[in-house]
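Participant: Can you keep this structure in mind? I'll have questions shortly.
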Amino acid sequence: MEASPQIMEIKLHELWKKQNFSSSLKTAEGEEIQVIYPGDINKENAGPDFTNARIKIGNFLYTGDVEIDRDYSNWKTHGHNINSKHNKVILHVCLNNIHNQFYVYSKDGRRIISICIKSNIPQNLFDELSSANEECDEPNCIKCRFFSDVIEFDVKKKFLAKLGIERFNHKCDKMFSRLKELAYLKTLSINEPMIRYEMPIHFETKEFSKSDFSDKELWEQLFYEKIFEALGYSKNKNEMLKLAQLANISFLHKLGNDEDTSRLIESALYNISGLIYKAENRDDDYLKILRKNWEKVKLIYDGETMHESEWQFLRLRPQNFPTIRIAGGIKIADSILNENLIPNISKKIIEIHNFEVLAKSMRSLFIIRARGYWKNHFVFDREANNEIKYFIGITRADEIVVNVVLPFFYLYFDVFRKSDISKKILKFYSNYYQSAENRIIVDVAENLKVNELLKKSIYAQGLLELFRSYCSKKKCDECEIGKLVFS
């Protein structure tokens, strides 16, 4: 039995539309088929593939629909024979017909001519169409890259918007789960992660009320954790999260709120992170201050410390080294503790109605200019060749707003039953323009030919969700784009 060539049906649609055949089409009985008009592509995604076609078969001119399948048997397996929407089909076109069957039948019992076009396709074109389905070796390459241009732009746009909202909701759900965990641990007086624990079974079924989340320290810790996790990128996000849990908000509050507090926070985080471990320059004034302040901090802190080996530096741009990201995180932590960062953002969200103004105002809170020791160093003990301008630049600030700030405040206002503000945040998210260009997002947008959607966060997030939840897991049969391409 001859194997069916792997040419996707959507490519056959393109072939039919252009009529790229090397020889004239004929019925099994030898009657010539003249395609006067191949028909209009059916954009409803239901019913025949082409409508309003005009085809002359022998001496008779027919006007109606055309159905195209990879295999003759698809007429039945796809249910066309019991679908009244296919009652106006005048020609069934297939790539393979191994049993040489020349007719199909509509739901109303009408006999429809079926033709096999495999021998009518030029060999070079056949080889090109067949090879188009081979797996791509390039990073972030998606399986439908060769066919996405024949999917309507609006179909892709609508699906990406849906995925962008889904991704936003996933973030909110994840934050809410962590918030409940923090609230529960607070009632047990467990200070994590110094004490290892497993959540009891009844935690999963525990009902929480609004009053369970009234402690502002819970929200501060959640925000602080998510900021640090975001600053860690993919290589150090778990380590940054661990650091925020070791040197938690409750502990940082104990360091005071005077002008020396930021120095104590700095000493705490670099010493607890273990990154200061190998610093040997005894003449370095900055290191002297960190070590001197650590003697004060140790009187308050009795938890574990991390080791330098836990952190990733390999294959990272120096600007993304954890030393630099912690420097930016220290400034944000200080703002949470001593500058009312969370209430200030809340106030902006409520009071600013112009989304462009709100975006600039929120983004500016997370752009951190380099200063002090880390303006000239990427690591301890070694001065940088070039001056560092930002601990957190506009791209990372954008990502923090989209991935942390907006889901956090959506959750916050939702928990306290201020649905009008939550809806405003969701609308703001849907209209937020970002400067960030994640490599995955750029590559998938290129594959799908939707580059013009890249700058709007809802679509950028949708592209990321598409790749991670569908493309990378080869779940094409569950993807709305994949279903159209590979059906």
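Participant: Which residues, counting only those in segment 224-254, are surrounded by fewer than 23 Cβ atoms within 10 Å (Cβ to Cβ) and part of a loop (DSSP other than H, G, I, E, B)?
Facilitator: N248, K254
Participant: When you check S309 against the structure, is it assigned by TED's automatic domain parsing to the domain that holds E266, under 22 Å from V402 (Cβ atoms) and small (G, A, S), yes or no?
Facilitator: Details: assigned by TED's automatic domain parsing to the domain that holds E266: yes; under 22 Å from V402 (Cβ atoms): no; small (G, A, S): yes.
No; evaluated as a whole, the condition is false for this residue.
Participant: Could you check segment 436-466 and list, in sequence order, the residues that are more than 13 Å from the chain's Cα centre (by Cα) and in a helix (DSSP H, G or I)?
Facilitator: Scanning segment 436-466 gives E446, N447, L448, N451, E452, L453.
Participant: Evaluate the following for L299: is it at pLDDT below 90 and not basic (K, R)? Break it down stepwise before answering.
Facilitator: Working: at pLDDT below 90: no; not basic (K, R): yes.
Criteria not met by L299.
Participant: Follow-up question, since we're still on this one. Please note which strands (runs of 3 or more DSSP E) are completely contained in segment 30-128 and include at least 2 residues that are out of contact with any Gly (no Cβ under 6 Å at 6 or more places or on another chain) and among the polar types (S, T, N, Q).
Facilitator: none
Participant: With under 29 Å from K216 (Cα atoms), in contact (Cβ under 8 Å) with a residue 12 or more places away in the chain, in a loop (DSSP other than H, G, I, E, B) and assigned by TED's automatic domain parsing to the domain that holds R317 as the only criterion, which of R417, R363 stands out?
Facilitator: After ruling out the rest, the residue left standing is R417.
Participant: Please tell me if Q312 is in contact with a helix residue (DSSP H, G or I) (Cβ under 9 Å, 6 or more places away or on another chain) and surrounded by 21 or more Cβ atoms within 10 Å (Cβ to Cβ).
Facilitator: Here the answer is no, as Q312 does not meet what is asked.
Participant: S346 passes all but one of (1) under 25 Å from A244 (Cβ atoms); (2) of a type outside the set (V, I, T); (3) outside any helix (DSSP H, G or I); which number fails?
Facilitator: Of (1) under 25 Å from A244 (Cβ atoms); (2) of a type outside the set (V, I, T); (3) outside any helix (DSSP H, G or I), only one is false for S346: (3).
Participant: Tell me the residue from K483, K456, K449 that is closer than 29 Å to A359 by Cβ, without any contact (Cβ under 8 Å) to a residue 40 or more places away in the chain and among the basic types (K, R), please. It would help to see each step written out before you state the result.
Facilitator: Numbers: K483 fails: closer than 29 Å to A359 by Cβ; K449 fails: without any contact (Cβ under 8 Å) to a residue 40 or more places away in the chain.
One residue alone meets the criteria, K456.
Participant: Look through segment 354-378, keep the residues that are within 22 Å of T323 (Cβ to Cβ) and in contact with a helix residue (DSSP H, G or I) (Cβ under 6 Å, 6 or more places away or on another chain), and return whichever of them is surrounded by the most Cβ atoms within 10 Å (Cβ to Cβ).
Facilitator: Here the answer is F366.
The values are calculated or read from the model by the stated rules, or taken from the named source; none is laboratory data. The structure presented is a predicted model; accordingly, all values stated were derived computationally and were not measured. Cβ atoms come from the backbone with ideal geometry, glycine included; neighbour counts cover every protein chain shown.
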